[in-house]
Amino acid sequence: MSEKELIESGDMKIGWVRNHMPVLSIIRENFEREQPLKGHKIAMALHVEAKTAALVETLAIGGAEVAITGCNPLSTQDDVSAALNTRDNIDCYAKYDCCGDEYYEAIDKVLDMKPDITIDDGADLIFKLHTERQDMLPEILGGCEETTTGIHRLKAMEKDGALKMPVIAVNDAMTKFLFDNRYGTGQSSWDGIMRTTNLLVAGKTVVIGGYGWCGKGAAMRASGLGADVVVTEIDPIRALEARMDGHRVMSMSEAAKYGDIFVTTTGNVDVLTRKHFEVMKDGAILANSGHFNVEINLEELTAMADSINIVRKNIKEYNVAGRKINVLADGRLVNLAAGDGHPAEVMDMSFANQAQCVKYIADNKLEAGVHPVPRDLDIYVAELKLKSLGIEIDELESHQTEYMEGWECGT
Ligand SMILES: NC(=O)c1ccc[n+]([C@@H]2O[C@H](COP(=O)([O-])OP(=O)(O)OC[C@H]3O[C@@H](n4cnc5c(N)ncnc54)[C@H](O)[C@@H]3O)[C@@H](O)[C@H]2O)c1
Ligand SMILES: N[C@@H](CCSC[C@H]1O[C@@H](n2cnc3c(=O)[nH]cnc32)[C@H](O)[C@@H]1O)C(=O)O
């Protein structure tokens, strides 16, 4: 594609999702009028695709100067990146399929703008700020973190006394993880797997690694598509929850023998390793929808393989002792590396939280550490979303509030 065609294609994608992100659109209108981010510089590392572009535009329209790069080497959409670079006050350094060095060079370029606010998805920006770019920390007012694993990393830094800036745990807003991690990952993982393989899910045994918010969504949608769903867990309560939700639960060593399609959603390393590959069926399909490229141990699979072939875009076939094991999107997030990511209506809430939290950081002096999203901001997103859906709910009457707060009334 020529540069002009790339920009046109990116603009079209951004225009489409913008029209399906009503909550972010309201925040955008407010930001345009009130200019709450004037004078601020925002460095971002997020999946560079159309919904993210709608967030970036919102921040720039609110007065900020924005520099962005990707948070995953395979999730950038180059047309969206090109379109973003045509906007005022926005620089985008993200490139699809960049190597490890290019990925971190782009993070450095973003930090070269000398930001006072950061937005991360996985904490790679903040990690860089606390290692090679520590000189910049005094200027940082705060950051926002988009995902579960990023928050794990930040809490681990906080515990070690290593976190030197305030960060808002955007993932932990109810209007984020209950919808994005569950319904978003549920739908977009299957979208990525189905469009990449062009195979049927009905009648297959699907193994979901991890029954957290992402796993619940992925299992629920697999069930809806007609799969026989098996869940693996390390947490007894979540394992029980999976069973009562109607799924079979067993260890991965056992599940590895039966699965046709495996989807990891744990945020952990080595969910699928040599001992699992050794017993998998011929034709097994492996996808990760959790974290980085560490959930499926590709080093071990590569070492076991007699040959490795690319058999379709985003499908690598590993030939192991006469069996074919197919890995999607190099074990990186299948919904983003082999799809378009979460649906726009879901990212609407996630990114409305991001935009509001950036404003909150600009308006308040926060202490170093991991902070929750203020409850009123979370509720505001839910209220706007309900309104956009044309849904009205009841309000407590005063005597009901009194009843709920009292202790005198009994049986
Ligand atoms: N693909 C996406 O777009 C997307 C969206 C949101 C979150 N995420 C990422 O997905 C991962 C999961 O997020 P979440 O919000 O569901 O987290 P979560 O903490 O709710 O769930 C993770 C679950 O995995 C289980 N687990 C951990 N190690 C395991 C192992 N070895 N075997 C089996 N189960 C194991 C945990 O007990 C937990 O129940 C994180 O890395 C997060 O950053 C991805
Ligand atoms: N950056 C790491 C960490 C996981 S990303 C998971 C996050 O991606 C976010 N996400 C999912 N779909 C989209 C999308 O379409 N656009 C932007 N972000 C998305 C989602 O909010 C979730 O918390 C990695 O790539 O491996």
### Task
Answer with yes or no whether VAL230 is closer than 24 Å to HIS152 by Cβ, within 12 Å of ligand 1 (Cβ to nearest atom) and aliphatic (A, V, I, L, M).
no
#### Entry: Out of GLU345, GLU299, sole residue that is within 14 Å of ligand 2 (Cβ to nearest atom), at negative phi, open to solvent by 30 Å² or more (accessible area, probe 1.4 Å) and among the acidic types (Asp, Glu)
GLU345
### Task
Give, as residue ranges, the strands (runs of 3 or more DSSP E) completely inside the range 1-111 that count at least 3 residues that are within 20 Å of VAL170 (Cβ to Cβ).
41-45, 65-69
### Query
From the residues in the range 166-211 that are of a type in the set (Lys, Arg) and in a helix (DSSP H, G or I), which one is least open to solvent (accessible area, probe 1.4 Å)?
LYS176
### Task
For the range 215-233, enumerate the residues that are within 18 Å of the chain's Cα centre (by Cα) and open to solvent by less than 30 Å² (accessible area, probe 1.4 Å).
GLY215, LYS216, GLY217, ALA218, ALA219
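Every residue, every condition in (1) among the charged types (D, E, K, R); (2) within 14 Å of ligand 2 (Cβ to nearest atom); (3) touching a strand residue (DSSP E or B) at 6+ places or on another chain (Cβ under 6 Å), yes or no:
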site: LYS95; (1), (2), (3): yes, no, no
site: GLU102; (1), (2), (3): yes, no, no
site: GLU132; (1), (2), (3): yes, no, no
site: GLU139; (1), (2), (3): yes, no, no
site: THR148; (1), (2), (3): no, yes, no
site: ARG153; (1), (2), (3): yes, yes, no
site: ASP160; (1), (2), (3): yes, no, no
#### Entry: Flag for PRO115 being more than 30 Å from ALA218 (Cβ to Cβ) and surrounded by 15 or more Cβ atoms within 10 Å (Cβ to Cβ)
yes
### Message
Against the conditions (1) among the β-branched types (Val, Ile, Thr); (2) open to solvent by 10 Å² or more (accessible area, probe 1.4 Å); (3) touching a residue at least 24 places away in the same chain (Cβ under 8 Å), where does ILE126 fall short? Just the number, please.
### Response
(2)
### Message
Restricting to the range 10-25, give me the number of residues that are under 28 Å from LEU125 (Cα atoms) and either touching a residue at least 12 places away in the same chain (Cβ under 8 Å) or of a type in the set (D, E, K, R) (or both).
### Response
9
### Query
Of everything in the range 1-36 that's open to solvent by 50 Å² or more (accessible area, probe 1.4 Å) and of a type in the set (A, V, I, L, M, F, W, C), which residue is nearest to HIS342 (Cα to Cα)?
TRP16
### Query
Does LEU154 fit the bill of being away from ligand 1 (no atom under 16 Å from the Cβ), assigned to a helix (DSSP H, G or I), of a type outside the set (Gly, Ala, Ser) and open to solvent by less than 10 Å² (accessible area, probe 1.4 Å)?
no
### Given (1) under 22 Å from ALA338 (Cβ atoms); (2) modelled with pLDDT of 95 or more, number of the condition ASP112 does not satisfy
(1)
### Query
Say we look at the range 351-406 and pick out the residues that are β-branched (Val, Ile, Thr) and assigned to a helix (DSSP H, G or I); which of these is surrounded by the most Cβ atoms within 10 Å (Cβ to Cβ)?
VAL358
### Query
What is the residue count in the range 221-238 for residues that are assigned to a helix (DSSP H, G or I) and touching a Gly at 6+ places or on another chain (Cβ under 8 Å)?
3
### Extreme residue, nearest to HIS152 (Cα to Cα), among residues of the range 366-411 that are within 27 Å of the chain's Cα centre (by Cα) and among the charged types (D, E, K, R)
GLU367
## Note on the structure
Per the list (1) outside the structural domain of VAL56 (by TED's automatic domain parsing); (2) within 16 Å of ligand 1 (Cβ to nearest atom), residue check on ASP348 breaks on (1)
### Summary
Scanning the range 242-272 for residues that are among the hydroxyl-bearing types (Ser, Thr, Tyr) and open to solvent by 20 Å² or more (accessible area, probe 1.4 Å), the one nearest to the chain's Cα centre (by Cα) turns out to be THR266
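The values are calculated or read from the model by the stated rules, or taken from the named source; none is laboratory data. These numbers come from a predicted model, not from an experiment. Because the Cβ atoms are built from the backbone with ideal geometry, glycine has one as well, and the counts that use them run over all protein chains shown. Note: accessible area is taken over every heavy atom of the protein model, side chains too, but ligands, DNA and RNA are not part of it. Shrake-Rupley method; radii C 1.70, N 1.55, O 1.52, S 1.80 Å.
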